[in-house]
Amino acid sequence: MAKILVIDDEEQLRDLLKQMLSRDGHEVQTAFDGVEGMRMFGQFNPDLVITDIIMPNKDGIEVITELLCSNSGTPIIAISGGRRAITAEFNLESAELLGVKGILSKPFTRDQLRETVQYALGL
Amino acid sequence: MISKFKNAIGYTRTIGRILLISNGAIFVLMVFAFYTGNYASVVFLGFSLVILLISQWFLLTLKSTSITSFEDKIEITREKLNYIFNCIAAHFESPNPDDPNSLAKDVEVFTRELSESLTQCSVTLTNQMQALSIALDNQENERLQKIQDTLLPLIKTLSDAMKTYFNVRDKIDDTLRIQVTDAKAMIERLEPEVLDLSGRLASMQELPLFPVSLRQLDEVIATNLQLDHSIYNQFEVIEHDTNQNAIELVTSMQNLSGSANRLVAYITSTITTITEMNDGVDDSVQFIIDIGHFIEEIPNRIRADIEQLRGATSVIDGLGYLVDSIKEISFQTDILAVNAAIQAAHAGDKGLGFKIVADEVRKLAVNSNHAAEMIETGLENARKTIQEGLKFKALEEVMVQMDEAVHMLESVKKLEQNHEDMQQFYKTLFAVINQNNITLAENISEILSGVQYQDIVRQRIERMKATMSRRNELFERFIDELANTRGLLTNDFAVQMDVVLKDYLEEEARHSNSLNESTEEEPPKFELF
């Protein structure tokens, strides 16, 4: 179906996303932070990027900004669960204002993920 | 007329009665012929009876049809009369000045129409009279009365119309007479001038420049038309572009407003997060300030401890002379011991010497006792001083301070987390605001371009205005010269008008090119305000 790059520092969620998306027929690659994510973006050339917001080294906001500035046109889905004072709502609202195609608040269901991915891919 | 109607009614009634009596008579004759066996006469009489009945029926039908037809014709005649009167009235209200003969023509037409109408009315009336004279009988009185009622106003109207017609004709005759007289007077008055003008025209036609002026006028008008066409085209371009620009301006302003509103809502929603983070930082900072105060107190406490210890040392130092006293006692006791030994050696005056020794030993005992008391007091003071110094280090206080020291680590950790959160928060916030600022800047740039375009429009209109002004000036000079020189033009106005047109087209082309170059090669410059 589509090539999807998942960027998340939580290994468990990363694997779960890969499993769920692969089951829907997508080709999935994963990265544990923004630095690795951007590197893999150049190699993998995905049709869709799913990125967490709060991550070490390079966070999701930086990834989104870089991808949008590169004018690659690749749609982005932002996911976030928030941390301490930084809420998920704040992170996702920020991502939305930056121009991502879809947002998902952790935890989310498989149907929500599928629906958001299909919308972002224009299916 | 009424008497004729009445006569006609009488005739018709008589005819009806005759026909009725004839029918009765023929019927009696038929019965008689039947009884006498003359069947040929019966057939002939029967045929006659049928013909009479048909005639009677025809008479009744004709009467009814004629009445209806007559009513229609009365209405048509009334309409025609009204039309004629209206035409006459309209003519007097607004005569046609271009055609002096129109009045005569109209009068002729009105007269003819009125005559036709009256003739038609007359024929209709005659016909109706004849029809009525046939149709009248006893059963039609009511209908006849109705017709009579209708006819009376018609006849009156016709009579009035005739009177009006004659009045109008008289009036028209008077007017025509006056106009003809005036026209004759005017012709007589104008005749010399016409002759003079005719002479002048003949002389001007002999000059070669007059046709040249006309040709030039043709050229000037043709060039002017081209100029008008160019300006019209320019206006169309301006109208189209302004319309497009207005739509784009509105769209950009809507986008700008939307972006600004979204940003404001976003920033407003972040205030809660900022407040929570600030509260967390304030708590940690307060805790660290408390710990700081505690640390700040430590040197004072140490200083107080040193003072206390110094006090204890001085007290202990104060006990030094007691040691000397004890040493003195020891020395005296030693001397006493020596003396006692010497005295004992002499053993002479037994008892005297030992009495003195006993006294000294008693004094020594007293001094020793005193010294012992003083030592006891000094030691007591020293103990108290040390206890006083140790009051600050009560066990409970030490425990609390130890707890605080442990919590301080926790607070520092919390502060570090707050710092991380704030860093993350502000980084996100700045990224969003920055991105939105770019969008806002783009929108503002579009709006500024739109506003700049309005200035370009103003410049175009100014160029058109200047060109029109030049054109008008040229026209004025052209007209003046034409009037003053009677066609002998000294300037080539066609060429000058052509220059005005070319100048305008060249200037427009130059501005158009510069505009295209600036949009193709570099971003728009906002320099025209």
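Details
- Top-ranked residue in region A:77-90 [being open to solvent by less than 20 Å² (accessible area, probe 1.4 Å) and in contact with a strand residue (DSSP E or B) (Cβ under 9 Å, 6 or more places away or on another chain); ranked as farthest from the other protein chains (Cβ to nearest Cβ)]: A:77
- Region A:64-76, subset crowded, with 16+ Cβ neighbours inside 10 Å and away from chain B (no Cβ under 11 Å), residue farthest from residue A:113 (Cα to Cα): A:67
- Filter result for residue B:265 (within 14 Å of chain A (Cβ to nearest Cβ) and over 21 Å from residue B:446 (Cα atoms)): yes
- Test: residue in region B:453-462 that is closer than 25 Å to residue B:247 by Cβ, aliphatic (A, V, I, L, M) and open to solvent by 70 Å² or more (accessible area, probe 1.4 Å): yes
- Residue B:231 in a helix (DSSP H, G or I), open to solvent by less than 80 Å² (accessible area, probe 1.4 Å) and of a type in the set (Val, Ile, Thr): yes
- Meets criteria (on the phi < 0 side of the Ramachandran plot and either basic (Lys, Arg) or within 14 Å of another protein chain (Cβ to nearest Cβ) (or both)) for residue B:281: yes
- Residue match in region B:419-442 (condition: over 30 Å from residue A:53 (Cβ atoms) and part of a helix (DSSP H, G or I)): no
- Residue B:272 vs. criteria within 14 Å of chain A (Cβ to nearest Cβ), modelled with pLDDT of 70 or more, open to solvent by 60 Å² or more (accessible area, probe 1.4 Å) and in a helix (DSSP H, G or I): yes
- Residue A:50 being open to solvent by less than 60 Å² (accessible area, probe 1.4 Å) and more than 10 Å from chain B (Cβ to nearest Cβ): yes
- Residues within region A:3-47 that are within 21 Å of residue A:101 (Cα to Cα), touching a residue at least 24 places away in the same chain (Cβ under 8 Å) and either assigned to a helix (DSSP H, G or I) or open to solvent by less than 10 Å² (accessible area, probe 1.4 Å) (or both), tallied: 18
- Selection count where residues are within 14 Å of chain B (Cβ to nearest Cβ), open to solvent by 20 Å² or more (accessible area, probe 1.4 Å) and in a loop (DSSP other than H, G, I, E, B), scope region A:91-109: 1
- Extreme residue, nearest to the chain's Cα centre (by Cα), among residues of region B:432-447 that are more than 12 Å from chain A (Cβ to nearest Cβ) and of a type in the set (Val, Ile, Thr): B:447
- Residues of region B:24-62 that are polar (S, T, N, Q) and modelled with pLDDT under 75: B:55, B:56, B:61.
- Candidates B:242, B:251: the one that is touching a helix residue (DSSP H, G or I) at 6+ places or on another chain (Cβ under 9 Å), over 29 Å from residue B:463 (Cα atoms), in a helix (DSSP H, G or I) and modelled with pLDDT of 70 or more is B:251.
- Of the residues in region B:294-316, not one is in a helix (DSSP H, G or I), within 14 Å of chain A (Cβ to nearest Cβ) and aliphatic (A, V, I, L, M).
The values are calculated or read from the model by the stated rules, or taken from the named source; none is laboratory data. None of the values given here were measured: they were computed from a predicted structure. Note that each Cβ is placed from the backbone with ideal geometry, even for glycine, and that neighbours are counted across all protein chains shown. Heavy atoms of the whole protein, side chains included, go into the accessibility calculation; ligands, DNA and RNA do not. Shrake-Rupley method; radii C 1.70, N 1.55, O 1.52, S 1.80 Å.
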